[in-house]
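Before we start, here is the structure in question, set down as structure tokens.
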Amino acid sequence: GAMRIPKDQLIAHPRPAPVITSASDYRGNFWRDIVHGSANQLECPRDSDHFLEFTVANPACAENDLAPIQYRMDGVDSSWRTAPNDGRIRYHHLSSGRFRLHVRSAESGSTNESSLEILIPTRWYNAWPSRILLAGFLTSVAGAYMQRRHARSRLRLEEEYQIGRAHV
């Protein structure tokens, strides 16, 4: 027989959080099953900061029952944003550093969220040691050029002096 359960005794099970299923950069580097994998961390190759695209999905929902997905990246987005219908989140021109991308269902009362830590390495020419070495190299080249120019000028003046002395 069927059993009646009063509405106030039913426990509402919230839907699981949406997940980040893949990511790609402008070069075509592609990562799949990020959050489902062993770690929810993504280390991008150098120069990936030009463009990063993430695909988010809500695997627990049927296609006709999809709740909008919201996302926010710490240090980039000041508030939650709604993902486009195709589930593709795009970021352009991120600086180097560590970021965390959070995704959640836009359903009211939903507190479940997934996150992905993203590491974008510093470009070699943006690192302080590289800048210091480059400045030192340029200073050395400029100093060597000026020293050579001064030496040539001095030789020319000495030759003119010798020629002028010989005519006297």
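Read the figures in this text as sums done on the coordinates, not as results from a lab. Please read these numbers as outputs of a predicted model, since none were measured by experiment. Every residue, glycine as well, gets a Cβ built from its backbone with ideal geometry; the counts of neighbours run over all protein chains shown.
In nm, to one decimal, how far is the Trp80 label point from the Arg148 one, both placed 7 Å along Cα→Cβ?
6.4 nm
Simple spin-label model, 7 Å along Cα-to-Cβ: Ser140 to Gln41 in nm?
Here the modelled spin labels are 3.6 nm apart.
Mind checking the full-extension length gain between Ser95 and Asn112? Use 0.36 nm per residue of separation minus the Cα-Cα distance, one decimal, nm.
Gain in length upon complete extension: 3.3 nm.
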